[in-house]
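Some notes on the structure that comes next.
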Ligand SMILES: [Zn+2]
């Protein structure tokens, strides 16, 4: 319906229908309805901020349904058959963020709900936001430094193309002296993508061979091995 919409009125009608669909009790239907909304422009989603937040909250408590076992699943997967059941929250996080309904703390809380696809969506949103806004990048780096952000967040950030990392190199490089061993190791691993000048990357990795964490030391040794084999 949304794909076929030709004018604003039709889009708005499609959005209302999809939002109703995202509240359906059947999680598969709700997931498809929420997914269909991803293509809707930000300005059309903005008036629906509170509805999107209500849906997110509703699905958090409702959980999902394992069709194979015929049971409610409140965690991220069915404990009986380990299948990950459908759930609209992944899309709802994306949509609520796009609509400007989630702040930094909301997204960090969602990103920390490990195992859920909604956490992946929150992590991606945080990373995108950080690269678009230096204030958010600084705030996220502080969270990572205090070991409050999920490990996936620093991984998602450092997985971005080298030119994006270069634009934020001061902030990201500062993570080498972070309290988080995971962050220090991830930064060392990411040096191979070339976002730091070769000499500086090598010197940093050599210094990291003395790190108190064996995890960081082995990341540094691996990086230096790849350098010497080039
Ligand atoms: Zn099951």
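Some points to look at:
- Helix axis angle, 214-228 relative to the chain longest principal axis, alpha carbon, degrees: 70 degrees
- Ascending count of other beta-carbon atoms within 10 Å, so fewest first, for 40, 216, 84: 84, 40, 216
- Temperature 4 °C, viscosity 1.567 mPa s: under these conditions the Stokes-Einstein estimate for segment 137-200, based on its Kirkwood radius over C-alpha pairs, is 112 µm² per second.
- Tilt relative to the chain, helix 27-36 - C-alpha long axis, 0 to 90 degrees, to 10: 70 degrees
- Computed across the chain, the Kirkwood hydrodynamic radius from all distinct Cα-Cα pairs reaches 19.6 Å.
- Between segment 190-216 and segment 106-125, the C-alpha centres lie 29 angstrom from each other.
- Segment residue 193-residue 213, length gained on full extension (0.36 nm per residue, minus Cα span): 4.9 nm
- Computed FRET value (nearest 0.05) for residue 135 with residue 113, which takes r as the C-beta separation and R₀ as 22 Å: 0.35
- Residue order, fewest to most surrounding Cβ atoms within 10 angstrom, among 94, 67: 67, 94
- GNM on the chain, alpha-carbon springs under 10 angstrom: the most fluctuating residue among 93, 44, 182 is 44.
- Cβ-Cβ FRET estimate between residue 60 and residue 227, R0 fixed at 30 Å, reported to 0.05: 0.05
- Rounded tilt (10° steps) of 134-145 against the dominant C-alpha axis of the chain: 70 degrees
- Mean shadow area of segment 98-181, taken as a quarter of the surface of its Cα convex hull (nm²): 5.3 nm²
- Size descriptor, Kirkwood hydrodynamic radius, that averages inverse alpha-carbon separations across segment 50-164, Å: 15.0 Å
- Rounded FRET efficiency, nearest 0.05, which uses the C-beta distance separating residue 38 from residue 16 and R0 of 22 Å: 0.85
Readers should treat all values here as calculations from the given coordinates under stated rules, not as data from a laboratory. Everything numeric in this text was worked out from a predicted model, so none of it was measured. Every residue, glycine as well, gets a Cβ built from its backbone with ideal geometry; the counts of neighbours run over all protein chains shown.
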